[in-house]
Structures are given as C-alpha cells and as structure tokens.
1. As a footprinting exposure proxy, order Val15, Val108 by other Cβ within 10 Å, with the fewest listed first.
2. So what J values fall out for the range 122-132 if you push phi through Karplus, 6.51 cos²θ - 1.76 cosθ + 1.60 with θ = phi - 60°, rounded to Hz, Gly and Pro as x?
3. Give me a comma-separated list of calculated 3J(HN,Hα) values for the range 102-111, in order, Karplus coefficients 6.51, -1.76, 1.60 applied at θ = phi - 60°, integers in Hz, x for any Gly or Pro.
4. Just grab the label-to-label distance for Thr174 and Arg104, each label 7 Å out from Cα along the Cβ direction, in nm (one decimal).
5. Give me, ordered by chain and number, the residues 5 or more places off Ser99 or on other chains with an amide H under 5 Å from its own placed amide H.
6. Could you compute the net charge surrounding Val97? Neighbours are other residues with a C-beta less than 13 Å from the C-beta of Val97; K and R count +1, D and E count -1.
7. Let me check I've understood the local charge: for His114, count other residues with C-beta under 12 angstrom from its C-beta, Lys and Arg +1, Asp and Glu -1. What total comes out?
8. Which of the chymotrypsin sites (Phe, Trp or Tyr not before Pro) found in the range 68-173 are in a DSSP loop and have at most 12 neighbouring Cβ atoms, other than their own, within 10 Å?
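Read the figures in this text as sums done on the coordinates, not as results from a lab. Remember, predicted model here, so these are calculated numbers, not experimental data. Don't worry about glycine lacking a Cβ; one is built from the backbone with ideal geometry, like all the others, and counts go over all protein chains shown.
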Amino acid sequence: MDDAVRRAMAKWPDVPPAFGWLGLDTRGQWLLQDERIGNPLLIEFIGRNYAGDCHGRWYFQNGPQRVFVALAYAPWVLRMDSEECLVTHTAEPVKAVTSAWMDREGIVTLQTEHGAGIVDGRDVESLASWISDARGGALDEDRLIELLDCIQAGQQCDVRLRYAGRAVPLLPITADEVPARLAFVRNPQPLPDEQAGS
C-alpha cells in the first residue's frame, strides 16, 4: 500500500466506504461504473492499493476511503508471463498454488498466496503441460481432453496440476460454489455497522 494512502487513512480514519463504483472483470480489467479504466497510472495505483478484508470483501484503498470491488468471478485474474509462470493482473508473481478447481464452463480457479484467482481464458490452454495423472505421469491429448470433460461435468478424476514444485488435485466445482469455498465475496455490501459513502 502506498505511504500517501496510509497517511490519508491515519489523518481521516472515519471516511465511509464506497460500494457499487468499482469492478473487476474476468480479464483483469478495472471498471468504473461498468466502463473500462484505461489510464495506466490509475490502473497501477489501484493495483498497488488493492486488498481483501477479514470478511472476504476486496477493495481499493483510495486515500482515506475504502472502495469495495464487485468481482465478475474472483479477486484475482492470473496470467502466464513470458517465462510461463503465473502473475496476477496487478503483476505480482504467483509463488504457490494450494488448490485448483474447474467449473462447468471450463474456468480454472486457483488458490494462491494472494487469494483466489481465475486463469485468464487466453492462458487456460497453456496449463495443459502442467496437468498430469495422480502419479505425475504425462497425459496424451485425447486422455487429457477426456479427463477435463469429466471434471467440467462435475466428476472427480485423478488429475493433478503441477506448479512451482507442488502438485494439487484439479477438482470440479460450480461457479456459484467458488466464493464460499475460496472465502471471498463477489458483490460486497455494507455490514450492519457500516454506512456507505458516495
């Protein structure tokens, strides 16, 4: 978090939070009232000051005001970098994956040290080389497609996703189950003791 933001929070500790202004889409684009933010400096500022609270709500700390983020799917969007490692939509490297899930639409959600993130749809095919059978054996293309189809259909299969020296099961999930299973809120609302600001 930026030092200027911390100073503003200390100076004005009681600024009401804002809801319904900021969103994050499935490509990792910030949206201001459903319009994509294009200013690179603003995108970087939001990314540096983006965090989650103890209730699973994600927000951008804009000076003294906490601006809660409506999530299209998950708090993070994960992309493949040039070295075939995962990075978040805010350019943070992903060092560990502790669980992996695939929904009925083929969306892959990973639990990382940053929190839950979906793999950008443009990079999902690149995950194929990271997927193995339960013993770590490679899967031919036909068998891989067959197993992934089974997972999308909601069936558990002996499939592992390998990343950074660790292999975790790739499990089925429905899109509606993802927030509760991975402990976040897609559409944050004020708590009973919070008064929303504008």
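1. Working: Val15 15, Val108 21.
With the sparsest Cβ surroundings first, the list reads Val15, Val108.
2. Computed from phi, the couplings for the range 122-132 are 6, 10, 4, 4, 5, 6, 3, 6, 8, 9, 9 Hz.
3. Each residue's phi maps through the Karplus curve to give 10, 8, 5, 8, x, 6, 9, 10, 10, 8 Hz.
4. Going by the 7 Å Cα→Cβ label model, 0.6 nm.
5. Those lying under 5 Å, H to H, from Ser99 are Gln111.
6. Values: positive: Lys95, Arg160, Arg162, Arg166; negative: Glu113.
Local charge sum for Val97: +3.
7. Details: positive: Lys95; negative: Glu92, Glu113.
After counting each charged neighbour, the total is -1.
8. Values: sites: Phe68, Tyr73, Trp76, Trp101, Trp130, Tyr163; in loops: Tyr73.
Of the chymotrypsin sites (Phe, Trp or Tyr not before Pro), not one in the loops of the range 68-173 has a Cβ with at most 12 other Cβ atoms within 10 Å.
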